[in-house]
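The values are calculated or read from the model by the stated rules, or taken from the named source; none is laboratory data. Keep in mind that this is a model prediction, so the values were computed, not measured. Positions of Cβ are backbone-derived with ideal geometry, glycine not excepted, and every protein chain shown enters the neighbour counts.
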Amino acid sequence: MQRPRFELPEALVMGILSKLPVKSLTRFNCVCKYWCSSFQTPHFISNNYHNNLENNNLNLLLSRCDGNTFQLYYSQLSNEKDQNYIVKQNIHLPFFKNDLPSVYGACHGLLCLLDPSKDKAAIWNPSTREFKILPPSSIQRPPYFSPFEETYLTLDDISFDDAAFGFDSKTDDYKVIRFVTLTFVNSEEEYSHPHFMYQVELYSLRSNSWKEIPSPDDKPTETNLGNNYVDGICYWKTETGAYLDFRGLILSFDMGKEKFSILPIPEFVGSFPEYYVDLLVFNGSLGAIVYPTERIDTSFDLWVTSEGVWTKQFNIKSISGVVHPLGFGKNGDLFLRDTNDEVLLFDASTQELKELEINTYLDHFRFDISLHVYLESLVRINGIKEIEKHVIRQPARDA
Amino acid sequence: MGSTSTKIKLRTSDQKVFEVEKAVAVQSQTIKYIYENGCPDSVIHVHSVSGDILSKILDYCKKHVNSAAGKEDISPEELYEWDANFVKVDQNTLFDLILAANCLKIESLLDLTCQTVANMIKGKRPEEIRTTFNIKNDYTIEAEEAVRRENKWAFDMLGGVGTMVIEELADDTMSKCVTNAKSRVCVIAANQIVMMRSISKLANKKSIDVYKQPQNPTTPRIKESVKQINVGTGFIELFFHFKCKM
């Protein structure tokens with residue numbers, strides 16, 4: 001590169017810089033103080049994110065379990081299509097000890113990690129390597145009086161099985177909503193029948209605290225496929241057996257209004273037990289991958305919903321040996337798990353099924369593999385830089 | 001078939017006059033505004049653009065107008081390739097195109113040229129970036145060092161840096177590096193994959209020699225001194241002494 005004949009005006013230089021990957025921008029923090037401070041302005045962060053959105057600069061994480069050590073970790077896959085999604089690096093999260101947390105998001109390139117069995121949570125920007133540990137919730141757990149046993153029961157277990165992570169644009173705040181299941185038992189008895197109570201907690205990044213909100217009648221019943229937040233609203237599958245026909249429903253939560261609603265899933269989309277309806281976010285809308293529960297050759301329908309109207313986007317015909325979808329990568333490529341628990345890729349452009357060189361055959365619990373996708377982003381979260389105690393990154397050994 | 005398409009006259013900063021079809025010229029929002037709000041027959045002055053640059057820009061606009069109108073049989077992939085070739089110019093011309101696209105308000109061209117520069121610079125070192133944009137480094141040596149340390153993960157995988165194993169030196173060793181020869185202290189992280197292999201190979205050695213591949217010769221540097229260090233376990237960082245020849 002040479003010295004230019006003239007200097008570009010600052011606004012244009014910033015325009016060029018906003019098109020750079022986060023890693024380059026991080027390096028260029030030391031070019032000069034003005035650049036370093038400019039990269040932290042909301043305007044720049046937003047332009048950079050917008051560019052990443054337009055260019056679909058997606059990163060992919062595959063959750064795995066090491067065949068030798070039984071360690072859970074994430075493999076970050078290459079997002080260059082011609083590299084066939086090989087593993088670039090492996091990411092361990094010792095902050096969660098030996099368990100992998102549930103991953104929610106991404107929202108603006110941020111992921112929320114929640115331990116389902118303990119009050120341990122973090123918000124993570126994997127692009128900038130910023131890690132924010134959330135405070136424990138100080139919400140009071142209610143007492144449980146069992147009229148039948150005429151005694152107060154003991155709180156035996158707390159679990160956090162469902163949640164969502166999203167953004168409230170009115171208050172410019174990132175929020176985490178978490179469903180809490182409290183298990184009570186009668187400690188006097190040897191074989192006690194458990195009783196359950198439910199709470200809902202909401203965390204705000206701005207206030208860095210949790211608060212309790214009223215629990216809806218219907219709770220989430222299934223884990224989602226990937227991201228369950230889009231455009232200010234979070235979604236979960238739920239069921240109601242109220243009319244003795246188990247209807248599939250969607251429970252939604254508006255991050256701004258902090259209100260729950262119920263949406264029906266029309267019959268023509270698919271209903272249990274003949275079909276699985278896996279909710280996810282596709283191209284900026286709530287969608288679902290619908291596929292039959294019992295068949296040898298599985299075909300997948302992708303439906304998308306907008307304002308109550310469901311439209312079928314496309315169909316992938318009969319792929320033999322494929323069991324479950326894992327989620328979408330770039331350009332509509334669909335990751336799948338087959339009957340041998342291998343990870344395959346359905347290439348949307350060539351309509352072909354491809355094996356990936358991820359070598360999951362040595363892993364344990366391959367049925368439990370999941371895919372998480374996030375965009376590059378500079379968004380700041382008042383966290384700290386990744387340290388080995390929380391996050392360990394290892395480049396892939398075969399390079 | 002001769003069509004009576006409207007033509008617009010443009011005069012550049014170096015007094016060259018171009019007569020262009022209206023559909024092509026109004027790709028520029030600036031020209032469009034002036035044309036629609038002024039006298040349609042008069043010549044529009046594009047003061048800040050030279051004849052050479054305007055000529056190139058009009059090629060771009062013509063290609064895109066024709067492709068969109070279906071006048072030219074060109075697929076999106078072919079247009080993408082044409083664009084990629086269009087920006088294969090020297091740096092000064094590229095900067096000229098950016099300025100002109102900005103002033104003429106041709107959004108797609110501005111995007112294309114800015115993305116091209118972004119792609120050119122994304123793998124560069126900060127020193128090279130300062131040259132490209134003529135930026136004065138206003139950090140003190142210590143402050144820059146602190147910023148580099150905080151963001152050291154972003155410095156790996158840079159081209160041209162050699163095989164080396166690095167270790168975190170104690171603070172007093174670092175200050176020795178800084179005061180010794182009034183030169184810059186640069187923290188260089190090696191290609192991480194290479195580093196992993198090096199550690200396993202050197203596990204039994206007490207100290208190592210550091211070998212460095214030649215760097216990009218545009219900023220010639222002389223290696224002043226290399227500290228002999230002890231190989232520990234885990235990741236290691238090495239501080240070099242450089243005398244920069246400016």
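If you go through region B:71-94, how many residues are within 13 Å of another protein chain (Cβ to nearest Cβ) and touching a Phe, Trp or Tyr at 6+ places or on another chain (Cβ under 7 Å)? So the answer is 0. Check region B:112-123 and report whether any residue there is modelled with pLDDT under 90 and more than 7 Å from chain A (Cβ to nearest Cβ). Checked against the condition, which is being modelled with pLDDT under 90 and more than 7 Å from chain A (Cβ to nearest Cβ), region B:112-123 yields at least one hit.
Mind listing whichever residues of region A:262-275 are closer than 27 Å to A:Gly321 by Cβ and touching a residue at least 24 places away in the same chain (Cβ under 8 Å)?
Narrowing region A:262-275 to residues closer than 27 Å to A:Gly321 by Cβ: A:269-275.
Hits for region A:262-275 are A:Val269, A:Gly270, A:Ser271, A:Phe272.
A:Asp115 meets the conditions (1) modelled with pLDDT under 95; (2) in contact with a Ser or Thr (Cβ under 9 Å, 6 or more places away or on another chain); (3) more than 30 Å from B:Glu150 (Cβ to Cβ) in every case but one. The failed one is (3). Assessment of region A:136-157 against the conditions (buried (at least 20 other Cβ atoms within 10 Å of the Cβ), on the phi < 0 side of the Ramachandran plot and assigned to a strand (DSSP E or B)) yields no matching residue.
Out of all the residues in region A:17-30, which are out of contact with any Asp or Glu (no Cβ under 9 Å at 6 or more places or on another chain), facing chain B (nearest Cβ under 7 Å) and hydrophobic (A, V, I, L, M, F, W, C)? Within region A:17-30, A:Leu20, A:Phe28 qualify.
What tally of residues in region A:115-133 results from selecting those that are buried (at least 19 other Cβ atoms within 10 Å of the Cβ) and either under 11 Å from A:Asp99 (Cα atoms) or among the acidic types (Asp, Glu) (or both)? Explain how you work it out, then say what you get.
Of the residues in region A:115-133, the ones buried (at least 19 other Cβ atoms within 10 Å of the Cβ) are A:121-132.
With the extra rule that they be either under 11 Å from A:Asp99 (Cα atoms) or among the acidic types (Asp, Glu) (or both), the set shrinks to A:130.
Adding up the residues that qualify gives 1.
Residues that are under 18 Å from A:Asp341 (Cβ atoms) and over 17 Å from the mean Cα position of the chain (by Cα) within region A:57-70 comprise A:Cys65, A:Asp66, A:Gly67, A:Asn68, A:Phe70, listed in sequence order. In region B:140-164, the residues that are over 12 Å from B:Pro126 (Cα atoms) reach residues that are modelled with pLDDT of 85 or more and among the small types (Gly, Ala, Ser) with C-beta atoms within less than 7 angstrom, at least six apart or across chains, in these pairs: B:Gly159/B:Gly123.
Among the residues of region B:155-172, are any at pLDDT 90 or above, within 11 Å of chain A (Cβ to nearest Cβ) and within 24 Å of A:Asn55 (Cβ to Cβ)? Checking region B:155-172: not a single residue is at pLDDT 90 or above, within 11 Å of chain A (Cβ to nearest Cβ) and within 24 Å of A:Asn55 (Cβ to Cβ).
Which of the residues that make up region A:276-311 are in a strand (DSSP E or B) and either over 20 Å from A:Leu336 (Cβ atoms) or without any contact (Cβ under 8 Å) to a residue 12 or more places away in the chain (or both)?
A:Ser285, A:Leu286, A:Thr305, A:Ser306, A:Val309, A:Trp310, A:Thr311
When the residues of region A:330-356 are filtered to those that are of a type outside the set (A, V, I, L, M) and in a strand (DSSP E or B), the one that is farthest from A:Asn84 (Cα to Cα) is A:Asp338. Pairing residues of region A:192-213 that are closer than 15 Å to A:Ala163 by Cα with residues that are in a loop (DSSP other than H, G, I, E, B) and of a type in the set (Lys, Arg), at Cβ distances under 7 Å and at least 6 apart in sequence or on separate chains, gives A:Tyr198/A:Lys219. Of all residues in region B:55-72, those being modelled with pLDDT of 85 or more and loosely packed, with under 12 Cβ neighbours inside 10 Å number 1. Kindly establish whether A:Lys211 is assigned to a strand (DSSP E or B), basic (Lys, Arg) and surrounded by fewer than 16 Cβ atoms within 10 Å (Cβ to Cβ). The answer is yes for A:Lys211. Only one of these is polar (S, T, N, Q) and farther than 29 Å from A:Asp231 by Cα: A:Ser137, A:Ser192. Name it. Matching residue, one of A:Ser137, A:Ser192: A:Ser192.
Please tell me if A:Tyr74 is modelled with pLDDT of 90 or more, in contact with a Leu (Cβ under 8 Å, 6 or more places away or on another chain), within 26 Å of A:Asp162 (Cβ to Cβ) and away from chain B (no Cβ under 12 Å).
So A:Tyr74 passes the test.
Inspect all residues belonging to region A:71-79 and state whether any of them is among the aromatic types (Phe, Trp, Tyr) and on the phi > 0 side of the Ramachandran plot. Scanning region A:71-79, I find no residue that is among the aromatic types (Phe, Trp, Tyr) and on the phi > 0 side of the Ramachandran plot, so the answer is no. For region B:136-159, what are the residues that are surrounded by fewer than 20 Cβ atoms within 10 Å (Cβ to Cβ) and part of a loop (DSSP other than H, G, I, E, B)? Once the filter is applied, which keeps residues that are surrounded by fewer than 20 Cβ atoms within 10 Å (Cβ to Cβ) and part of a loop (DSSP other than H, G, I, E, B), region B:136-159 yields B:Lys136, B:Asn137, B:Asp138, B:Tyr139, B:Thr140, B:Asp156, B:Met157, B:Leu158, B:Gly159. Residues that are surrounded by 14 or more Cβ atoms within 10 Å (Cβ to Cβ) and part of a strand (DSSP E or B) were ranked within region B:10-22; the one that is nearest to the chain's Cα centre (by Cα) is B:Thr12. Annotation: of all residues in region A:7-16 being within 7 Å of chain B (Cβ to nearest Cβ) and not in a helix (DSSP H, G or I), the one that is surrounded by the fewest Cβ atoms within 10 Å (Cβ to Cβ) is A:Glu7. Residues in region A:17-28 that are buried (at least 21 other Cβ atoms within 10 Å of the Cβ) and either over 30 Å from the mean Cα position of the chain (by Cα) or part of a helix (DSSP H, G or I) (or both): A:Leu17, A:Val22, A:Leu25, A:Thr26, A:Arg27, A:Phe28. For region A:33-43, the criterion of a residue being among the charged types (D, E, K, R), surrounded by fewer than 20 Cβ atoms within 10 Å (Cβ to Cβ) and within 14 Å of another protein chain (Cβ to nearest Cβ) is satisfied by at least one position.
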